[in-house]
Each structure stands twice: as C-alpha cells, then as structure tokens.
Amino acid sequence: MLSAMEAVETRSALAALRTHFPARWQLALRFGVVVGAPFAAGTAAGAHPLGAIAAASALLILLMGPPGYGIARRAQVIGIAVLIGLAAAIGALVQNYEVVLVLLLLLVGGFFAVARKVDRSMATIALVPIVGLLIGSGSPDGLRSAIELLAAALIGGGLYLLLLDRAWPSPEHPSVALEGRSRRLLPALILALPVGYLVASAVVDWHMAAYAFALLAILLILNARGAHRTTRHELLGFLVILALVVAELRLEARVDVMVFTALVVAIVGAWRADRGTVPLWSILGTLLVLIASVS
C-alpha cells in the first residue's frame, strides 16, 4: 500500500514539474532576451554605453508589473524610458563636475531609500534615476552623448519592449522585492552612493560608479525583507557576481564578455524566480554588470 502511495506521489511530482518547467524556462529566456538583445546590439555596433542604457531601461520597465494593454501600458513604458534616459543624459553632462555628480547621487539615493518604505513598485521607479545617472557618468561626456543615451533608452526600453510584448506575450511578469525591512540602515542607504563614489575615486580612481552601486546593493540586500537564511543566500549570490565583475575589470575583459555575463546572471536569476519574484542578487548583479561595462 505504501509503495502504491509513493508511486502516486512521484507521478504527481513529475506532472507538476512538466507543467512548471516550460513556464519557468519561458520566463528565464524572455528575461534573457530583454537584457541581452539591446546590450549585445549596442556592443556589436561599437556603442556599448548605448546598449547598456537600452538594456537597463528594458530591464527596469519589465520589473514594473503586468504588461497591461493600450494607452496605459504605452504611457508607463515610455515614461520610465524617458526617466532613465534623462538621468543618463544628465550623468553624461555633469560627469566632469564631481561635486555636482556627488550631490545628485545623494539626491537620488535619498529618494530611493525613502521610496522603499512605500512598496516595490515605487522602489523600482526610484531605482531608475540611480542606474541612469551611473551609466551616464561613465559614458562619453558632452551634449551629443547625452542625446544618444536618451534616444537609446527610448528605443531599447520603449519601442523594443512594446514590440516584444506583442511578438512574445507572457502571462508571467517578473518583479523584485526592493522594499525595506527596517529603518536601521536608512542613513547608510542614503549615503551609500556618494560615499562609495568618493571613496572609489580616492582609492582606485576607476569604475567609481560600479563600486558605488555595489555598496548600495550590499546594504540593500542586508536591509531587504525576508528570512535571515534568504538574506544570506542573496548576499552570497551578489558577492560572487561582484567578484566576477571585479576580475573582469582588472583583466580588462572585452565588453562582449560582460554582455555574456549579464545574460547568464539574468537568465539564472529568472530561472530561480519564486512565484514571479526574481532574486535580488540577479537584478542587482545584472545592473552592476551594465554599469561596470561603461564606468
């Protein structure tokens, strides 16, 4: 009797796996396409900063929730694409004025730290100007670069994602748990970006934006909602990606290697998603690779 029950349970488990496996792979592959295609296209065209901002724009829009339909969806997509494009354009224009850039990092960092107390949608929106400003600060400076970054954000995050929603619709839409657990790290989160940038500029004087974002990401994981065990795994996952990125930077790896790294981190993270929520280490790790590729 026991063996019969075990056989029934085994068949049920296999049936559930067969049902869940295609959906999980569809989410993972779609996630990889959203991140990898714009990044690879920009890199192949010899303009990897434009590919990076396009990929970041598409990724952050994807995390905003269900695709929706009609005017509301188009307004949401274009609005976020414009926001990250403008932030990147400002970063390109002020990158040579360290005082102004640090003050802007303090401003967007403070907005993000406070927005996390509202909900994850607000936190995702607040993450947009941070990523845009950091990518823009590592891109070529000048007005032409600023205009190109804005256009790339609109094309990569706007038109591309709207077309993908039509060509490859998916009932699964990923999100990420960015909301905070307590107030104890709020001052540290506000100061993470400007302090991280200043320390990196004084110590290594290269890739300052990537190191500043890495510091913010570590503090964010430590202050995220969830069990202690989950936090430990999230932190370990991000530290592995950080070590890989640092190694690639020190070895001066080609940008296409970083494209592959971002693609793998995004796909593996989406594969590990629990009820549509992608792990923090994957989202923050992917954004770190995008920022490090241009900073």
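When the Cα atoms of region 229-295 are aligned to their principal axes, the ranges along those axes come out at 36, 20, 15 Å in descending order.
For region 249-256, putting each phi into the Karplus relation 6.51 cos²θ - 1.76 cosθ + 1.60 with θ = phi - 60° gives couplings of 5, 5, 7, 6, 5, 5, 5, 5 Hz, in residue order, rounded to whole numbers and with x for Gly and Pro.
Amide H contacts under 5 Å for residue 175: 277, 278, restricted to partners 5 or more places along the chain or on a different chain, H placed in the peptide plane at 1.01 Å from N. Using 0.36 nm per residue and subtracting the Cα-Cα separation, the extra length available between residue 206 and residue 230 on full extension is 5.4 nm. Highest mean packing first, where packing is the average number of other Cβ atoms within 10 Å per residue, the peptides 256-265, 44-53, 243-252 line up as 44-53, 256-265, 243-252. The chain has equivalent-ellipsoid semi-axes of 32, 22, 18 Å, by the square roots of 5 times the alpha carbon gyration tensor eigenvalues, sorted largest first. Accessible surface of the chain, 1.4 Å probe: 70 percent of it comes from carbon and sulfur atoms.
Quick one: accessible area per residue over the chain, 1.4 Å probe, rounded to a whole number of Å²?
In whole numbers, the chain has 46 Å² accessible per residue.
Couplings 3J(HN,Hα) of region 119-125, computed from phi: 6, 5, 5, 5, 5, 5, 4 Hz, in residue order, whole Hz [Karplus 6.51 cos²θ - 1.76 cosθ + 1.60, θ = phi - 60°; x for Gly and Pro]. Amide H contacts under 5 Å for residue 180: 117, restricted to partners 5 or more places along the chain or on a different chain, H placed in the peptide plane at 1.01 Å from N. For region 120-226, the alpha-carbon radius of gyration amounts to 1.29 times the rule-of-thumb value 2.2 N^0.38 Å expected for a compact globular protein.
Determine the shape class of region 153-295: with a ≥ b ≥ c the square roots of the Cα gyration tensor eigenvalues, call it rounded for a/c under 1.5, and otherwise prolate if a/b is greater than b/c, oblate otherwise. Let's see the in-between values first.
Details: a/c = 1.71, a/b = 1.16, b/c = 1.47.
Oblate.
Peptide packing: for 89-96, 123-130, the average count of neighbouring Cβ atoms within 10 Å per residue gives the ranking 123-130, 89-96, highest mean first. Computed from phi, the 3J(HN,Hα) profile of region 76-93 under the Karplus parametrisation 6.51, -1.76, 1.60 (θ = phi - 60°) reads 5, 5, 5, x, 5, 4, 5, 4, 6, x, 5, 4, 5, 4, 5, x, 5, 7 Hz, with x in place of Gly and Pro.
The values are calculated or read from the model by the stated rules, or taken from the named source; none is laboratory data. As the structure is a computational prediction, the values presented were derived from the model and not from experiment. Here the Cβ is made from the backbone with ideal geometry for all residues, glycine too, and neighbour counts use every protein chain on show. To get the accessible areas, we keep the full protein, side chains included, count just its heavy atoms, and leave off ligands, DNA and RNA. Shrake-Rupley method; radii C 1.70, N 1.55, O 1.52, S 1.80 Å.
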